[in-house]
Amino acid sequence: MVNERAVDRIGSGLVYGAAANVLWGVFPLYFLLLAPAGAFEIVAWRVLFSLAFCALALTVTRSWRSFGALLRRRRVVLTMGLAGALIYVNWQTYVLGTLAGRVVETALGYFTMPLVTALLGVLVLHERLRRMQWVALALGGAAVLVIALGYGEVPWIAIVLALSFGAYGLVKRRVRDDVDAPSGLALETLWLAPVAVVQLVVVSVTSGLVFGTAGWVNTVLLMLAGVVTAVPLLLFASAARRLPLTVLAVVQYIVPVLQFVIGVWVLHEPMPLERWLGFGIVWLALVVFTVDLLRSRRPVSHESLTIAT
């Protein structure tokens with residue numbers, strides 16, 4: 001009976017985890033459907049409608065009292081403010097990259113995310129890596145160098161995505177036992193709400209807001225930004241409670257794989273030889289990193305694994 005329950009728990013965890021990561025993986029198609037809205041307007045509405053969705057979730061679950069208790073904890077509030085700033089950088093960079101036709105580069109950012117997280121663990125938390133983990137990091141660095149030399153420019157979008165997410169994971173580790181997923185997103189977007197309002201004002205003055213002017217389908221899709229942001233996060237939180245974190249880490253690769261497929265075979269972004277070579281090295285690094293992770297079964301914080309698109 002115990003084994004059957006464990007199997008059922010893992011099975012449902014895989015379903016939740018796969019659903020969350022598939023939704024994150026097809027985000028490029030969703031954001032492209034929001035045209036002619038620009039990246040800054042999209043992210044601003046995403047923040048505000050995510051906050052509205054969180055307010056609704058807190059109301060339905062009758063969690064306002066516990067959320068109010070969080071607001072009285074200065075350390076938690078300030079930490080979530082920093083997390084909000086990092087997730088804002090991640091969201092804005094991701095949408096800018098997607099709308100600029102650089103979905104493949106965003107996929108590179110999320111492919112290298114586990115490697116960057118491990119490197120930040122060494123630099124910030126003074127963690128010790130095993131030999132194979134250092135090999136994986138070296139391969140990841142070589143891949144970025146190959147792509148940069150081939151293109152004649154540094155893949156800044158990929159680097160900013162990986163670094164902002166890695167730093168976000170480190171910050172969230174400080175409050176991982178204090179804040180659940182809905183409350184965490186609510187605190188982060190509460191901090192970002194004034195920035196979003198200012199951003200909408202600037203867009204309105206400079207180029208004009210698209211919201212409400214491009215047809216009802218576009219308006220509804222923009223309004224769904226909050227649901228689209230929160231639902232996969234909640235699914236992932238459910239998966240994290242049911243799956244070993246080593247398995248959860250592997251499931252996360254669904255996201256960049258789908259983004260890569262969309263960028264290359266749906267959006268037909270260019271893939272010259274040097275880019276294929278760079279991605280090949282990244283995939284080799286991830287194989288080394290994942291095999292080492294599964295063999296050691298080293299605990300990993302699920303906050304440091306959550307995709308932040």
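The values are calculated or read from the model by the stated rules, or taken from the named source; none is laboratory data. Not measured: the values here are computed from a predicted model. When we count neighbours, we look across all protein chains shown, and the Cβ atoms used for this are built from the backbone with ideal geometry, even at glycine.
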Does V197 satisfy the condition of being surrounded by fewer than 17 Cβ atoms within 10 Å (Cβ to Cβ), in contact with a Leu (Cβ under 8 Å, 6 or more places away or on another chain), at pLDDT 95 or above and among the β-branched types (V, I, T)?
yes
Quick check on my filter: what residues within the stretch 128-153 are modelled with pLDDT of 85 or more, β-branched (V, I, T) and within 17 Å of G109 (Cβ to Cβ)?
V146
Consider only pairs whose beta carbons are under 6 Å apart and that are at least six residues apart or on different chains; among these, list those whose first residue lies in the stretch 101-125 and is surrounded by fewer than 24 Cβ atoms within 10 Å (Cβ to Cβ) and whose second residue is acidic (D, E).
G121/E127
For the stretch 133-145, check the following and say yes or no: at least one residue is within 20 Å of the chain's Cα centre (by Cα), without any contact (Cβ under 8 Å) to a residue 12 or more places away in the chain and either closer than 25 Å to I87 by Cα or surrounded by 13 or more Cβ atoms within 10 Å (Cβ to Cβ) (or both).
no
Does the stretch 211-233 include one or more residues that are at pLDDT below 90, out of contact with any Phe, Trp or Tyr (no Cβ under 7 Å at 6 or more places or on another chain) and exposed (fewer than 15 other Cβ atoms within 10 Å of the Cβ)?
no
State yes or no: is F27 surrounded by 18 or more Cβ atoms within 10 Å (Cβ to Cβ) and in contact with a helix residue (DSSP H, G or I) (Cβ under 7 Å, 6 or more places away or on another chain)?
no
Residues of the stretch 191-243 that turn out to be in contact (Cβ under 8 Å) with a residue 40 or more places away in the chain and either at positive phi or polar (S, T, N, Q) (or both), as a count:
5
Out of all the residues in the stretch 187-194, is one or more buried (at least 16 other Cβ atoms within 10 Å of the Cβ) and among the acidic types (D, E)?
yes
Can you pull out every residue in the stretch 82-100 that is exposed (fewer than 14 other Cβ atoms within 10 Å of the Cβ) and in a helix (DSSP H, G or I)?
none
Scan (1) of a type outside the set (G, A, S); (2) under 23 Å from V116 (Cβ atoms); (3) touching a Leu at 6+ places or on another chain (Cβ under 9 Å) for the single condition L209 breaks and write down its number.
(2)
Selected residue [in contact with a Lys or Arg (Cβ under 8 Å, 6 or more places away or on another chain) and surrounded by fewer than 21 Cβ atoms within 10 Å (Cβ to Cβ)] from T59, T79:
T79
In the stretch 146-163, which residues are within 26 Å of L78 (Cα to Cα) and surrounded by fewer than 23 Cβ atoms within 10 Å (Cβ to Cβ)?
I159, V160, L163
